[in-house]
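Working notes, structure below.
Readers should treat all values here as calculations from the given coordinates under stated rules, not as data from a laboratory. Model, not experiment: these values are computed from the prediction. When we count neighbours, we look across all protein chains shown, and the Cβ atoms used for this are built from the backbone with ideal geometry, even at glycine.
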Amino acid sequence: MKLLLFFISAFLSITVFSQGRLVINDNAFVVMQGGAFIVLDNPNTNAITVQGTGANIVSEAENNKIKWQIGTNTGAYTIPFTDNANATSGDNAQTVDNGTKIPYTLNISAAATGGNYYEFSTYDGATWDNQTYMPSMVTHMGQLLAPYAANHSAYAIDRFWVINLVGYATKPTVTHSFNYIDNEITATGNSLLEVNLGAQRFNDPAGTWGDMWPVKATQNTATNVLVTPSIAPTDFFAAWVLSDIIDPLPVELINFSAKCNINGDVTISWTTNSETNNDYFTIEKSYNGYDFFSIGTLDGAGNSSEILNYLFVDTDGDYSAYYRLKQTDFNGDETYSDIISIKCEQNEQNIFAFTSNGQIVLSIETNKEENVLVDIVDARGRKVYNTQVMTTEGTNTFTINDNFSTGIYFIRLSGQTINKSIKIYLQ
């Protein structure tokens with residue numbers, strides 16, 4: 001069958017094709033090239049009308065765009081995108097032979113305000129490595145924590161969608177319906193399963209993928225359609241990809257650290273940005289960095305897209321130790337965090353008291369500077385004296401003269417690291 005081909009080319013991005021309504025009949029192709037764009041100045045959902053046997057709009061580059069002046073309208077806006085997989089020479093091909101139809105629908109349930117038009121484009125890449133053809137607002141395909149060293153392109157399909165708002169004061173509430181192509185999942189180099197796909201967007205102001213987990217409300221693997229749940233205005237960003245829910249962009253702890261406490265305990269803390277099927281964490285300890293043993297567990301959140309903080313206290317603290325986390329899914333799969341080490345400074349102390357000429361002399365030898373509260377209690381439990389002293393590194397001597405009566409007294413010392421009770425007899 002002979003197909004109608006209509007090419008829209010732009011040089012220096014100055015040529016546009018403007019329509020109040022675009023009607024495409026009987027499987028005809030509209031092919032955009034070289035940064036061209038189609039402007040639809042009709043805000044109605046039928047501004048693109050498909051008749052007969054179908055329609056094909058070929059974008060296949062970020063800057064080949066549909067600019068639809070939707071304004072503050074709501075409704076389901078469908079772009080009958082088709083890829084150019086069978087084109088003779090890529091983005092600048094002069095013939096297209098039955099590319100795969102991949103229509104995209106933006107369903108606006110709550111309108112944006114104060115703006116003008118939406119921009120739509122979609123394109124694939126020559127390899128599995130999305131990092132080599134990212135949209136202009138995307139800076140990496142890696143981890144949540146800088147410097148984003150790991151490239152997770154193997155867990156994303158080889159296609160991006162760019163849905164951008166121009167001039168709006170507030171963003172809309174929407175759902176996205178993505179059609180995708182099997183060979184953009186199964187390409188050599190990818191490591192993902194179709195059934196695990198979810199839609200994920202890049203937060204370009206924050207520079208991260210990982211603050212929203214990949215999402216889907218429904219998926220039809222026979223027709224290659226994935227529909228998202230309702231996307232709030234706070235999650236409406238331009239660049240979208242379909243990635244693996246089991247290994248999304250990215251899966252990393254935001255923080256994992258250990259802290260020495262003044263009482264000798266060690267506080268272990270960690271933060272997750274999102275969790276999927278997370279049953280529990282096991283906190284493991286080692287004295288040599290190789291042989292680890294469990295010191296406790298904490299329940300995970302199951303499934304969460306929120307930032308969550310966890311805390312565990314190792315009451316058998318040691319001055320030098322290693323820690324790691326083992327995370328266990330509900331299906332029994334286990335993953336391990338990086339290993340962290342800690343070395344706490346031990347406060348060596350030598351504390352005693354004696355009497356001299358009716359006075360109490362207190363000697364505190366320490367390698368810490370701290371405030372110490374001194375309470376003196378008589379044999380009947382009554383507090384007869386209290387003061388506060390400041391220790392410095394080395395030997396500290398304090399003389400207490402308060403006309404004490406003859407008898408037994410207890411000196412109680414309380415500080416950050418010093419906790420001691422001394423019994424003395426005054427004659």
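Worth pointing out:
- The chain: most fluctuating residue of Asp329, Asp182, Asp402 per GNM, C-alpha cutoff 10 Å: Asp402
- Here the Karplus curve 6.51 cos²θ - 1.76 cosθ + 1.60, taken at θ = phi - 60°, turns the phi angles of the range 322-329 into couplings of 10, 9, 8, 10, 10, 9, 10, 7 Hz, with x standing for Gly and Pro.
- For Asp279, nonlocal amide neighbours, meaning residues 5 or more places apart or on other chains whose placed amide H falls under 5 Å from its own, are Thr328, Asp329, Phe330.
- For Lys368, residues with placed amide H under 5 Å, excluding near neighbours: Gly394
- Karplus-derived HN-Hα couplings along the range 412-427 (A = 6.51, B = -1.76, C = 1.60, θ = phi - 60°), whole Hz, x at Gly and Pro: 10, 10, 9, x, 5, 10, 9, 9, 8, 10, 10, 9, 9, 10, 9, 8
- Residues His152, His140, sorted so that the one with the fewest Cβ neighbours within 10 Å comes first: His140, His152
- The chain: most fluctuating residue of Ile231, Ile157, Ile360 per GNM, C-alpha cutoff 10 Å: Ile360
- Note on Lys368: lysines with a C-alpha under 16 Å away, same-chain residues under 8 apart excluded, are Lys420.
- Other-chain or far-sequence residues with amide H under 5 Å of Asn42's (modelled H): Gln69
- Rough spin-label spacing in nm, given labels placed 7 Å along Cα→Cβ, for Lys423 and Asp402: 2.1 nm
- Furthest towards positive pole of dipole, Ile268, Pro103, Thr234, structure part the chain, Cβ charges: Thr234
- Environment charge of Asn278, counting only residues whose C-beta is closer than 10 Å and scoring Lys/Arg +1, Asp/Glu -1: -4
- Here the dipole of the chain is about 1080 debye; that uses its Cα centre as origin and unit charges on the Cβ of Lys and Arg (positive) and Asp and Glu (negative).
- MRE, 222 nm, helices only [DSSP H, n ≥ 4, -39500 (n - 2.57), over the chain, to nearest 500]: 0 deg cm²/dmol
- Phi angles of the range 387-399 translate, via the Karplus equation with coefficients 6.51, -1.76, 1.60 and θ = phi - 60°, into HN-Hα couplings of 7, 10, 10, 10, 8, 10, 5, x, 9, 10, 10, 10, 9 Hz per residue; Gly and Pro are given as x.
- Sorted by Cβ neighbour density within 10 Å, fewest at the top, the residues Arg21, Arg159, Arg324: Arg21, Arg324, Arg159
- Of the residues Val30, Gly407, Ser121, the one whose Cα sits farthest toward the positive end of the charge dipole of the chain, with +1 on the Cβ of Lys and Arg and -1 on the Cβ of Asp and Glu, is Gly407.
- Taking Cα centre as origin and charging only the Cβ of basic (Lys, Arg, +1) and acidic (Asp, Glu, -1) residues, the dipole magnitude of the range 253-343 rounds to 340 debye.
- Listed values (1) 27, 56, 16, 0; (2) 21, 36, 20, 14, 8, 1; (3) 25, 49, 23, 3, 0, entry calculated as P(r) over Cα pairs in 20 Å bins from 0, in percent: (2)
- Counted over the chain, the DSSP beta bridges are approximately 85% antiparallel.
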